[in-house]
Amino acid sequence: MPAQPFQQDPSVPPSCVVEVTGVPEKVASTEPVQSVRTPIRMEYTYTPGRALSDYLVAMKDKKIIAERCPETGQVFVPPRGVSPVAGVVTAGKVELPATGYVESFNITRVPIATRPDLEPPYCSAWILLDGASISFMGLVINCEPESVKLGTRVRAVWKPDDELEMAATNILGWEPTGEPDVEIPDIERIGQKGDLE
Amino acid sequence: MSKERTAVVGVGQTKYASTRGDVSMAGLLREAAYRALEMAGMTWDDIDAVVMGKAPDFFEGVMMPEIYLAEALGCVGKPIMRVHTAGSVGGSTANVAASMVQSRVHETVLTIAWEKQSESNAMWALSLPQPFTTSVNAGAGGYFSPIMRRYMAMSNAPELIGCMVAFKDRQHALANPYAHLHQHDLTFDQVVESPMLWDPIRYSETCPSSDGACAMILTDEARGDAHDGPVAWIKGTAMRSESNSYGGRNMVSPAASEECANDVFAQAGIHDRRKEIDAVEMYVPFSWYEPMWLESLGFAEKGEGWRMVEDGSTAREGGDLPVNCSGGVLSSNAIGASGMIRFAEAALQVMGQAGDRQVDGCRTALGHAYGGGAQYFAMWIVASDK
């Protein structure tokens, strides 16, 4: 340890950056620019690949397609074509029912700039579909957000038939079915054992 | 072949603030880099390579900023590498820099990480609509709050534990001149009464958005020994990641987190984690992550981490395992830098250079960072003894 501890003061710039740099005299009288807004937009073509393509195509018919890992038996939705646990290709297609339960949730009480369609408070939840090994996110709708619990049974609410696309957004949200709540025995690893059927 | 022993000999930080309108991104980095050089008593001539860390480019909308920053920093011609592991990046960047010295590829490395959040909108930059999956719909807080709700349900923790963490970290920040938030008049009741943003996360349990940079100088054993100034010796570095979505993933205590911790503690030869670690700088952007990580890192039994919060064990004053004496991410969140700040603050503690936030007699400290959907992890342990 040195005799004199080194102390940095955040209000004192490092010596090499203290020199004040000015603007050229001919523009010295103009208003200084501290920031500019430059909106940027990127558009790109997305190729979903085999597994996700099947999933998205089925969405047009209000069907939810998952895939099973041949080694662990786990059922992945949306399917990515690969099992992240076993590192092997998933292949066995599984059609899942559009029902499940709320694994956990949050109630958002702050408006979101990019989602003017969502009026707070609203419930965003992880939905574990019946027969699936992992949950995915969705909105719980057609109920008071405060009435949602861990284990609330829900079913999909689809867009009107004439608006269906090949997109996950066909599911507008999930509404409570009114069935009794699911008892969650191992909350640390909710329902995700993969020992299905 | 054994690893080269590696020392931290310089730490430089900027004042963290919601808007650093007085400097450009390059100016921000220069502040941190030159403060680190000043503390190390070095110039660019002493630096062999630079390792930069940055969260996603579209947080500021500048693609591959490391390329122009080399010139702005004054290190043109030196080998530069960029690291990107989401929110954990500051920690991973320091670990990559350490590996360059440990492997004897370079003798002295400057590592730096930053974010200038005021130049874009990081909160929503990652909440992009995608056709193949439903959006998180609620930003980062909306993503993490269900995990915290799950932790609360499995641990039966009292409801106000999160508020206790937030209040403690904001109190700690008052002793840190670099911290973004200095809420001198904040009361515990105000934390409790602050609005729910992402129920169960309150406004005051949430990190701010900050501009800021953090830099460190790492060097080899001979230069560390010869250094005329405080030194932190790196005793272990570890990184792990896991897929965000797989069956059986434990989101409260991810397997990658536990394995990363086991690795870093084993490297440092630590058996009784709670007893042998004197200070922890932990990545806690939302209050409930403190008890969750205390368990995941093995400082507490599963379901018991909240008790350490409740009984004051994690406070700088009177706690046996002070956590986030700097004020933590809850008081300064320049995302890309946040992990490196944890690592740097751990180093400052064992150097005895943490000023008013110094933990008395701190000899061994843990720096911790996580990122993504709590799927990327980086940790290091530093000590005052070689």
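The values are calculated or read from the model by the stated rules, or taken from the named source; none is laboratory data. The model shown is predicted, which means the values in this text are computed figures rather than measured ones. A quick note on method: Cβ atoms are made from the backbone with ideal geometry, for glycine too, and the neighbour counts reach across all protein chains shown. All accessible areas refer to the heavy atoms of the entire protein, side chains included, with ligands and DNA or RNA removed. Shrake-Rupley method; radii C 1.70, N 1.55, O 1.52, S 1.80 Å.
A simple count of charges around B:Gln349, restricted to other residues whose Cβ falls under 12 Å of its Cβ and scoring Lys, Arg +1 and Asp, Glu -1, yields 0. With protein chains left intact and a 1.4 Å probe, residues in the range A:20-98 average 72 Å² of accessible area per residue.
Let a ≥ b ≥ c be the square roots of the eigenvalues of the Cα gyration tensor of the range B:50-114; is it rounded (a/c under 1.5), or, if not, prolate (a/b larger than b/c) or oblate? Because a/c hits 1.5 or more and a/b fails to exceed b/c, the range B:50-114 counts as oblate.
Convex hull volume of the Cα atoms of the range B:229-386, normalised per residue: 105 Å³. So what is the relative contact order for the range B:1-114, in percent, with contacts set as C-alpha pairs under 8 Å and at least six apart? Relative contact order comes out at 33 percent.
Using the Cβ of B:His84 as centre and a radius below 11 Å, the other residues enclosed give a net charge of 0, where K and R count +1 and D and E count -1.
Inter-part distance, the range A:125-150 to the range B:255-295, computed on C-alpha centroids, equals 32 Å. The residues of the range B:92-249 present an accessible area of 34 Å² per residue when probed at 1.4 Å with all protein chains retained. Kirkwood hydrodynamic radius computed over the range B:304-386 comes to 13.5 Å, based on all pairs of distinct alpha carbons. Note on chain A: lysine pairs with Cα distance below 23 Å, sequence gap of 8 or more or different chains, count 8.
When chain A is treated as a GNM with alpha-carbon contacts under 10 Å, the residue of A:Ala66, A:Ala132, A:Ala86 showing the greatest mean-square fluctuation is A:Ala86. Does the protein assembly as shown classify as rounded, prolate or oblate by the C-alpha gyration tensor (a ≥ b ≥ c root eigenvalues; a/c under 1.5 gives rounded; else a/b over b/c gives prolate, otherwise oblate)? It is prolate, given that a/c is not under 1.5 and a/b is the larger ratio. Net charge in the neighbourhood of B:Gly212 (other residues with Cβ under 10 Å of its Cβ; Lys, Arg +1, Asp, Glu -1) is 0. Counting only protein heavy atoms and a probe of 1.4 Å, the accessible surface of the range B:142-262 is 49% carbon and sulfur. With the largest listed first and rounded to whole Å, the semi-axes of the equivalent ellipsoid of the range B:1-107 from the Cα gyration tensor are 23, 17, 14.
Which of rounded, prolate, oblate describes the range A:46-103, given a ≥ b ≥ c as roots of the alpha-carbon gyration tensor eigenvalues and a/c under 1.5 marking rounded, otherwise prolate only if a/b is larger than b/c?
Cα axes put the range A:46-103 in the oblate bin.
Highest mean packing first, where packing is the average number of other Cβ atoms within 10 Å per residue, the peptides B:179-189, B:85-95 line up as B:85-95, B:179-189.
Using the Cβ-Cβ distance between A:Ala86 and B:Asp225 with R0 set to 51 Å, the FRET efficiency works out to roughly 0.60. Across all directions, the average flat footprint of the convex hull enclosing the Cα atoms of chain B is 18.1 nm².
What separates the Cα centres of the range A:23-68 and the range B:304-331 is a distance of 39 Å. Neighbouring Cβ atoms from other chains, within 10 Å of the Cβ of residues in A:74-85, number 3 on average.
The B and A chains share an interface that buries close to 4700 Å² of accessible area, total over both sides, probe 1.4 Å. Over the range A:3-108, what percent of the accessible surface lies on carbon and sulfur atoms, probe 1.4 Å? In the range A:3-108, the share of accessible area belonging to carbon and sulfur is 54 percent. Divide the volume of the convex hull around the Cα atoms of the range A:1-146 by the residue count and you get 342 Å³ per residue. Shown here: the range A:63-148, whose C-alpha atoms stretch 42, 24, 21 Å along the first, second and third principal axes, sorted largest to smallest.
If I take R0 = 30 Å and measure r between the Cβ atoms of B:His271 and B:Ser2 in this structure, what FRET efficiency does the formula 1/(1 + (r/R0)^6) give, to the nearest 0.05?
0.90
Of all the options A:Ile127, A:Ile184, A:Ile40, the one that moves most in a Gaussian network model of chain A with Cα springs shorter than 10 angstrom is A:Ile40. Computing Rg and the Kirkwood Rh from the Cα coordinates of the range B:148-207 gives a ratio, Rg/Rh, of 1.01. Using C-alpha pairs under 8 Å with a sequence gap of at least 6, the mean separation divided by the residue count of chain B gives a relative contact order of 26 percent.
Treating each Cα of the range B:167-273 as an identical point scatterer and summing with the Debye formula, the log10 of I(q)/I(0) at q = 0.11, 0.12, 0.13, 0.15 Å⁻¹ comes to -0.69, -0.81, -0.93, -1.10.
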